[in-house]
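Beneath this line is the structure, given in structure tokens, with notes to follow.
Every read-out reported here was derived from the displayed coordinates using simple, explicitly stated rules and does not represent laboratory data. Since the structure is predicted, the reported quantities are computational estimates derived from the model, not experimental observations. Heads up, the Cβs are rebuilt from the backbone with ideal geometry, glycines too, and the neighbour counts pull from every protein chain shown.
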Amino acid sequence: MKIIAVGRNYAAHAKELNNAIPEKPVIFLKPDTAVLKDNKPFYIPDFSQDIHFELEVVLKICKEGKHIAEKFAHTYYDEIGLGIDFTARDIQADHKTKGLPWELAKAFDHSAAVSSFIPKTELPAVDDLTFELWIDGELRQKGHTADMMFSFDKIIAFVSQYITLKKGDLIFTGTPEGVGQIFANNHLKGSLAGHELLDFHIK
Ligand code: MG
């Protein structure tokens, strides 16, 4: 499986990092070795002094497809969960300045914390999902899928023009504003439409 991630999909987040609002989705990949499951702890790697959390809604692809039409895109995912797109912001900032790719900042081991998944049928409409990240009891990020610049269906249609989607692939759909640094002993809790899905510690 692979992880496809969208950058800058919430305007307020793009602004907080001084990024332009994109005309097309900004896409990057994480390998399967990035997955961190079952609410296991995240260990801060020694190559970064500034690991950021980015809470995102995650789609699980349920069948293979390429060149998927936007109107059929909703049939390509049937479960939704939450993830943290851990980002080495110091490495990313350095690589952005130099025009280099982001992989070392985004694709390192365990940089994709993923929750359990909920069937779409048990959730509100996909454009009406509220999601929240609490750190040490404080609300740090609160997003709503209606604020996405590119909807789930638009992301799937766009990505599948370039990359075949396969069953089990995950799509991280972008983070709302409020990203920040994590520190050892932080306790992260994430909820999607009232379902508490993420509950793990930073070490
Ligand atoms: Mg992200």
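Each of 188, 117, 135 was scored by the projection of its Cα onto the charge dipole of the range 106-203, and the greatest displacement toward the positive side belongs to 117; charges sit on the C-beta of Lys, Arg, Asp and Glu. In the chain, Cα pairs under 8 Å separated by at least six residues give a relative contact order of 34 percent. For the chain, the Cα gyration tensor yields ellipsoid semi-axes of 24, 20, 16 Å (square root of five times each eigenvalue, largest first, whole Å).
To the nearest 0.05, how large is the calculated FRET efficiency for residue 90 and residue 43 if R₀ is 22 Å and r is the Cβ-Cβ distance? So, using R0 = 22 Å, E works out to roughly 0.80.
Basic side chains Lys and Arg get +1 at the Cβ, acidic Asp and Glu get -1 at the Cβ, and with that the dipole of the range 1-87 about its Cα centre reaches some 300 debye.
Per residue, the Cα convex hull of the range 1-64 amounts to 136 Å³.
Calculated mean residue ellipticity at 222 nm for the chain: -3500 deg cm²/dmol, from DSSP H runs with n ≥ 4 weighted as -39500 (n - 2.57), summed, divided by the residue count and rounded to 500. Pairs of C-alpha atoms in the range 94-195 farther apart than 22 Å represent 45 percent of all such pairs. Both radii come from the Cα set of the range 96-143: Rg as radius of gyration, Rh as Kirkwood radius; their ratio Rg/Rh reads 1.11. About its Cα centre, the chain has a charge dipole of approximately 560 debye under the convention of +1 per Lys or Arg Cβ and -1 per Asp or Glu Cβ, with nothing else charged. Pull out a ≥ b ≥ c, the square roots of the eigenvalues of the alpha-carbon gyration tensor of the range 60-146, then state rounded if a/c is under 1.5, prolate if not and a/b is larger than b/c, and oblate in the remaining case. In terms of gyration-tensor shape, oblate. Here 53, 108 are placed in order of increasing Cβ neighbour count within 10 Å, fewest first, which gives 108, 53. Among 12, 151, 200, which residue has its Cα furthest toward the positive end of the charge dipole of the chain, with +1 on Lys/Arg Cβ and -1 on Asp/Glu Cβ? Farthest along the dipole direction, towards plus: 151.
Comparing Cα centroids, the range 112-149 and the range 47-84 end up 12 angstrom apart.
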